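I have placed the structure first, in the form of structure tokens, so that the comments after it can refer back to it.
Since every read-out is calculated from the coordinates, none of them should be taken as a lab result. Remember, predicted model here, so these are calculated numbers, not experimental data. So basically every Cβ, Gly included, is an ideal-geometry build from the backbone, and we count neighbours across all protein chains shown.
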Amino acid sequence: MKKNDIVRNKIYFNEIIASNSFIKNKYYTIYKLKKEIEKPKFGIAVGKKIGNAVQRNKLKRQLRVILTKNKFLFPNYQDYIIMVRRTCSDLGYQDLEKKLEELLKELVK
């Protein structure tokens, strides 16, 4: 994922979460906020309850790769925050990708 595709501003990050427009499943919660610029931006949040720093960073790295592959599935004119839930720590890479794609199909509907 490129640097200009990432939500970096903490205030804007929290604003997306505060919008209360979200979709979730057992593994992820995706918050979204409409905007005027066509290109979507993404943020990833992994809580400390998931595991130690090594496990959290591994999950974030894997999600960045998954997002880079599946960026075209996200509707334009919106920014997204993907929150990883505790159940993701047990999944492998293939399962992480599969569960996120399932949630994205619901998001598009």
request  = For region 37-49, state whether one or more residues are within 11 Å of the chain's Cα centre (by Cα), under 17 Å from Met1 (Cα atoms) and part of a loop (DSSP other than H, G, I, E, B).
outcome  = yes
task = Sort out which residues of region 73-103 are assigned to a helix (DSSP H, G or I) and touching a residue at least 60 places away in the same chain (Cβ under 8 Å), and write them in order of number.
result = Thr87, Cys88, Leu96, Lys99, Leu100, Glu102, Leu103
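Results for (1) among the β-branched types (Val, Ile, Thr); (2) in contact with a Lys or Arg (Cβ under 9 Å, 6 or more places away or on another chain); (3) farther than 18 Å from Lys109 by Cβ, shown as yes or no for each residue.
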{"residue": "Ser19", "(1), (2), (3)": "no, yes, yes"}
{"residue": "Lys32", "(1), (2), (3)": "no, no, no"}
{"residue": "Lys58", "(1), (2), (3)": "no, no, yes"}
{"residue": "Gln62", "(1), (2), (3)": "no, no, yes"}
{"residue": "Asn70", "(1), (2), (3)": "no, no, no"}
message = On the basis of being closer than 16 Å to Val108 by Cα and among the hydroxyl-bearing types (Ser, Thr, Tyr), does Tyr28 make the cut?
response = yes
request  = Mind listing just one residue for me: the one in region 1-40 that is under 25 Å from Leu91 (Cα atoms) and of a type in the set (D, E, K, R) and, of those, surrounded by the most Cβ atoms within 10 Å (Cβ to Cβ)?
outcome  = Lys32
Residue that is nearest to Tyr27 (Cα to Cα) [pool: residues in region 58-103 that are hydrophobic (A, V, I, L, M, F, W, C) and over 13 Å from the mean Cα position of the chain (by Cα)] = Leu91
